[in-house]
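Before any comments, here is the structure.
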């Protein structure tokens, strides 16, 4: 069956999916009315065109991606593509591209992702540990910094990072949930009633220590670090299953919450694996 015969057949034009027929050299030999409507490009503009002569949006339609995003001045479309090769042995090959308009489904997916992000922003606790989450910790730290700035009260903050027992921070793609829960319980039990503990990210916790100068905070962190070896030893071995390392900072005049976090991250990086508590 030749390319021209395919493009001239009634089913080709009546198919509700967008269709493009190409020869083996990549020249467009057929386009149906559904495809014209999807792209806003007429058959006269595309037929017999070589790939190099096509617009960038049409070249995207013929690229390697199965999901194609077309964006114009007044509309946006997402098209899902499937490709079939027609023609038996000895016949001239025809490449047939089918396009389904999945714009509505894609927009719904994007809206769902936006709503999920919004829900995460509204949530105040970490789902796994039940501790304060990153958004809540940020607000609480900002509040504590404002209080210290106003009344000159001492304030310390630490980031605690859970690392595998071998000391390599990237040796595991993701720490087990059971380990994160165990560490969160350990930290919670060793902080004072006025302290705040929360989960900062996948492997880090934040410890807010109000009314605590740097020296007293260091003593508290050292005690936490020394005690972690009691629960960190892997079953049946003398080696720790995990370690904790800390980045401790004390608030001083001129520091806002963002700068305090950055200093804690720098202190954590400077601590290195050799300084990890529980070694």
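Every number here is computed from the coordinates shown, using simple stated rules; none is lab data. Only a predicted model underlies this, so the values are computations on that prediction, with no experimental measurement involved. Don't worry about glycine lacking a Cβ; one is built from the backbone with ideal geometry, like all the others, and counts go over all protein chains shown.
Where does helix 177-190 land angle-wise versus the long Cα axis of the chain, in degrees 0 to 90, nearest 10?
30 degrees
Starting from the Cα of residue 24, move 7 Å in the Cα-to-Cβ direction to define the label point; list residues of segment 55-85 whose amide nitrogen is under 17 Å from there.
Those under the cut-off are 84-85.
To the nearest 10 degrees, how steeply does helix 214-227 sit against the main Cα axis of the chain, on a 0 to 90 scale?
On a 0 to 90 degree scale, this one is about 80.
What distance in nm separates the two pseudo spin-label positions at residue 146 and residue 216, each 7 Å out from Cα along the beta-carbon direction?
2.4 nm
How high is the FRET efficiency between residue 259 and residue 181 when r is their beta carbon distance and R₀ equals 25 Å, given to the nearest 0.05?
Calculated value: 0.20.
For residue 75 and residue 10, compute 0.36 nm times the residue count separating them, minus their Cα-Cα distance, and round to one decimal in nm.
So the extension gain works out to 20.5 nm.
Students often get this wrong, so try it: which of (i) 1.62; (ii) 1.13; (iii) 1.02 is Cα Rg over 2.2 N^0.38 Å as calculated from the structure shown?
Checked against the structure: label (i).
By how many degrees, 0 to 90 and rounded to 10, does the Cα axis of helix 103-122 deviate from the longest principal axis of the chain?
10 degrees
Please state the shape class of segment 3-107: rounded when a/c is under 1.5, otherwise prolate if a/b exceeds b/c and oblate if not, all from the C-alpha gyration tensor.
Prolate.
Given segment 82-124, report the % of alpha carbon pairs whose separation exceeds 14 Å.
69 percent
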